[in-house]
1. With VAL164, VAL246, VAL204 as the choices, which residue is among the β-branched types (Val, Ile, Thr), in contact (Cβ under 8 Å) with a residue 12 or more places away in the chain and closer than 26 Å to ILE316 by Cα?
2. Could you list, in sequence order, the residues of the range 164-207 that are under 22 Å from MET139 (Cα atoms) and crowded, with 20+ Cβ neighbours inside 10 Å?
3. Among SER110, SER94, SER149, which is in a helix (DSSP H, G or I), surrounded by fewer than 16 Cβ atoms within 10 Å (Cβ to Cβ) and among the polar types (S, T, N, Q)?
4. Quick one: in the range 298-355, of everything that is modelled with pLDDT under 95 and touching a Ser or Thr at 6+ places or on another chain (Cβ under 8 Å), which residue is surrounded by the most Cβ atoms within 10 Å (Cβ to Cβ)?
5. Given the criteria at pLDDT 95 or above, of a type outside the set (D, E, K, R) and either closer than 21 Å to ALA123 by Cα or touching a Gly at 6+ places or on another chain (Cβ under 8 Å) (or both), does VAL70 qualify?
6. Looking for whichever is in a strand (DSSP E or B) and crowded, with 20+ Cβ neighbours inside 10 Å here; the options are VAL18, VAL29, VAL52, VAL124. Which one fits?
7. Given the options ARG272, ARG229, name the one that is among the basic types (Lys, Arg), farther than 21 Å from SER306 by Cβ and crowded, with 21+ Cβ neighbours inside 10 Å.
8. Count, please, the residues in the range 35-47 that happen to be more than 18 Å from the chain's Cα centre (by Cα), modelled with pLDDT of 95 or more and assigned to a loop (DSSP other than H, G, I, E, B).
Amino acid sequence: MVAGRLAALRDALLADDVVALVVTHLPNVRYLSGFTGSHGRLLVTADDAVLVTDGRYGEQAEAETAAAGVDVELVVTADPPAAALGEFVAGCPSVAVESTTPWADVRSMSDAWGRELAPLSGAVEALRAVKDAGEQAVMKRAVELADISLAAVLEASTPATTEVELALALEWEMRRRGAAATSFDLIVAAGPHGALPHASPAPVPLGRDTMVVVDFGCVLDGYCSDCTRTVCWGDPHPDLAAVWDVVAAAQDAARSAVAPGVPTRAVDAAAREVITDAGFGDAFVHGTGHGVGLEIHEKPRLAPRSDEVLDAGMVITIEPGVYLPGLGGVRLEDMVIVTAGGCETWTLSPRRMLV
């Protein structure tokens, strides 16, 4: 499936009157070429693609680009990428560079080539937003692996387990089952700590009758999964139990709004309306979701000010949350794929998890 991506990018560049693009963001380099190393630059023109890396990755780059079936010229050199690409950009009337490229790298290329570079934003990311069949299969497996790992870890945990211990156990379980890494630093936040949407696990017990926010995911074959469950050993505080019902209803409303052609802000609005009507609007402090893929946060964004539109094949999260300082928080997050008729939920972990 990788082989056709360069052609799709060239069509997009042509539409924007871009003659040549230097791709520096490594997930984009991987997406277009199959190369997974930590050092590489990819030049894409109307007729050619040139991948520059160093001696650490020569054999790997040759094998990975061949396996991906891409037509790319490989340059393995100890020289800086700007020097290595000089001869290839010499005949290009203009050259663009990804706008996420560090300024020092932009200046290095500009000085080496004696020309100014035009910034280009989001060209590859727009292609990545819609997942092909191969990507979907890998991501679905990553979701399943995370689901199974959570169930195993919760079964072995108790109220005396600490936040740090649960996070470490969950990471180990996912890795033991084949994950290459976690998708992000795992979040385990019990009681009032759960009022921090991005809390870091602390060496404190989870506790009985306490809501615990667990946000986790794994990387499998380069692709991420993302899930959040709010669990409790015992009977949760009545106020947070009521909040859980509100958040679940908000997630259902957002899920029902998902379909091709729907503005992402409309999905966010569906969840936000439920939470606001329940009196917790000010406690929903983030967007309703985001795309997932080679990176944990990708296009599209499901947020009030987003101007993006859903398309079939996009894989997104739906993750409303309510956070009450001094009491705790509730967040529920599923990964879904946008289908022709709406969406399909990939996350299988039970939503209501009273252990």
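1. Working: VAL164 fails: closer than 26 Å to ILE316 by Cα; VAL204 fails: closer than 26 Å to ILE316 by Cα.
It is VAL246.
2. Within the range 164-207, ALA167, LEU170, GLU173, MET174, ALA179, THR182, SER183, LEU186, ILE187 qualify.
3. Result: SER110 is the single residue among SER110, SER94, SER149 that is in a helix (DSSP H, G or I), surrounded by fewer than 16 Cβ atoms within 10 Å (Cβ to Cβ) and among the polar types (S, T, N, Q).
4. MET353
5. Numbers: at pLDDT 95 or above: yes; of a type outside the set (D, E, K, R): yes; either closer than 21 Å to ALA123 by Cα or touching a Gly at 6+ places or on another chain (Cβ under 8 Å) (or both): yes.
Answer is yes for this residue.
6. Numbers: VAL18 fails: in a strand (DSSP E or B); VAL29 fails: in a strand (DSSP E or B); VAL124 fails: in a strand (DSSP E or B).
Answer to the selection: VAL52.
7. Working: ARG272 fails: farther than 21 Å from SER306 by Cβ.
Going through ARG272, ARG229 in turn, just one is among the basic types (Lys, Arg), farther than 21 Å from SER306 by Cβ and crowded, with 21+ Cβ neighbours inside 10 Å: ARG229.
8. Going through the range 35-47, the residues more than 18 Å from the chain's Cα centre (by Cα) turn out to be 35, 37-47.
With modelled with pLDDT of 95 or more added as a condition, the list becomes 35, 37-45.
Those left that are additionally assigned to a loop (DSSP other than H, G, I, E, B): 35, 37-40.
Of the residues in that region, 5 qualify.
The values are calculated or read from the model by the stated rules, or taken from the named source; none is laboratory data. Treat the numbers as computed from the prediction; the structure is a model and nothing was measured. Reconstructed Cβ throughout: ideal geometry from the backbone, glycine too, with neighbour counts over all protein chains shown.
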